[in-house]
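Participant: Pasting a structure below so you can have a look.
Bear in mind these aren't lab numbers, they're just calculated from the coordinates by the rules spelled out. Fair warning: this is a prediction, and the values are worked out from it, not measured in the lab. Don't worry about glycine lacking a Cβ; one is built from the backbone with ideal geometry, like all the others, and counts go over all protein chains shown.
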C-alpha cells in the first residue's frame with residue numbers, strides 16, 4: 001500500500017523578504033542555505049498495515065505491518081506520520097549542512113537520508129523483530145559502501161559507522177531501472193548515510209585556501225567538494241586569511257576538487273568563489289571572489 005504523500009513547493013527562499021533583517025556574516029549564510037535545503041517529505045501510513053514509500057529523488061522504503069511501537073512499547077494502530085528527507089546530491093548535502101565526514105576523516109558518500117515516524121506529535125520507535133527495507137538509487141554501485149548513522153547537531157554533527165548493517169546491490173527492474181544500495185534498518189536512527197572511509201592509495205597532502213584581507217571564518221564559509229567521491233568537507237581550520245585542510249581531511253595528490261567559498265560582508269552583500277583544480281603536493285588555492293545574489297547562489301549550489 002502506497003503512503004499518502006505531501007511536501008512543500010520547491011522554490012528559492014530569499015531571507016531578505018521574510019520581514020526581518022537577515023543575520024550577519026556566517027550566521028546569515030547558514031540561515032540562507034538551511035532555508036533552501038531539500039524539503040521534508042511527509043507520508044501517512046497505517047500503523048498495522050504494510051506500506052511502500054517512494055521519495056521524490058528515487059528512494060524506496062518498505063515498511064512492514066506493525067513496524068512501530070509507542071515509547072512505552074505498546075502497539076501502534078491508526079495513521080502514522082512518516083517523514084523522509086533525501087540528500088542524494090552534493091548540492092543537497094551542502095544546503096542541509098551535512099558534510100560527509102566521520103571522526104575527523106573524509107567519507108565517500110552514496111547518499112544521505114533522514115527518517116522519522118510519529119503519531120499525535122509523539123515520536124515512535126521500531127518494534128522488536130521489525131525492519132524497514134531501504135533502497136537508495138545510485139548511478140554506479142560501489143561494493144565498499146557501509147551504513148553510517150548521524151549523531152549530534154550543528155557544528156557537532158558527526159557520522160558514526162554502523163558495522164552491523166550490510167549494504168547490497170538491488171534494483172535494475174521496471175521500478176528501479178538503475179542499481180540501488182539496499183539494506184534494512186531495525187531502528188529509527190533519523191539520519192543515515194551510505195558511506196565508507198576514503199581509501200585512495202595516492203599520497204595525501206595538506207591544502208591551503210587563501211582568501212582576501214577581511215575574509216575570516218566569522219564571515220566566510222569554505223567548502224571542498226570532491227566530485228569522484230561525492231564527498232563534502234566544510235573547512236573550519238582558519239588563521240591569517242588562510243583556510244587549511246590538515247589531518248584526516250588531507251586530500252590525495254592528483255584528485256580533482258571544487259573549492260566553494262561564500263562570504264557575507266557587513267552590508268549583507270554576498271560574494272562567492274567556485275574554483276576547480278587538481279590537487280598538487282602542498283597545494284595552495286588563491287580564492288577570487290565576485291558578488292552574487294541569493295537566488296543565484298542557491299542555484300549554483302544545487303547544480304553541483
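Participant: For the residues 42, 112, what sequence is obtained by ranking on other C-beta atoms within 10 Å, fewest first? Mind dumping the intermediate values first?
Facilitator: Values: 42 16, 112 28.
Neighbour counts put them in this order, fewest first: 42, 112.
Participant: Classify the stretch 210-304: rounded, prolate or oblate, from the alpha-carbon gyration tensor (a ≥ b ≥ c, eigenvalue square roots; a/c under 1.5 rounded; otherwise prolate if a/b is larger than b/c)?
Facilitator: Taking the square roots of the gyration eigenvalues as a ≥ b ≥ c, the stretch 210-304 is oblate.
Participant: While we're on this one: Quick one: helix 25-35 against the long Cα principal axis of the chain, what's the angle to the nearest 10°, folded into 0 to 90?
Facilitator: Value to nearest ten degrees: 30.
Participant: Calculate the FRET efficiency for residue 160 and residue 253 from the Cβ-Cβ distance with a Förster distance of 45 Å, rounded to the nearest 0.05.
Facilitator: 0.95
Participant: Counting other beta carbons within 10 Å of each Cβ, put 100, 216, 278, 77 in order, fewest first. Mind dumping the intermediate values first?
Facilitator: Values: 100 27, 216 16, 278 10, 77 13.
Exposure proxy ranking, most exposed first: 278, 77, 216, 100.
Participant: Same structure, new question: Using a 10 angstrom cutoff on alpha carbons, build the Gaussian network for the chain and name the most mobile of 283, 263, 225.
Facilitator: Judging by the Gaussian network model, the answer is 283.
Participant: Can you put 159, 191 in order of Cβ neighbours within 10 angstrom, beginning with the fewest?
Facilitator: On the way: 159 25, 191 21.
Ascending Cβ contact count within 10 Å gives the list 191, 159.
Participant: Please work out the C-alpha center-to-center distance from the stretch 276-304 to the stretch 87-146 and express it in whole Å.
Facilitator: If you average the Cα positions of each part, the centres end up 26 Å apart.
Participant: Quick one: compute the contact order of the chain, relative version, from alpha carbon pairs under 8 angstrom and 6+ residues apart, as a percent.
Facilitator: 18
Participant: Given that just one value was derived from the coordinates, which of (1) 31, 54, 15, 0; (2) 31, 58, 11, 0; (3) 31, 51, 18, 0 is P(r) over Cα pairs in 20 Å bins from 0, in percent?
Facilitator: (1)
Participant: Follow-up. Between the stretch 24-41 and the stretch 210-248, what is the C-alpha centre distance in whole Å?
Facilitator: 18
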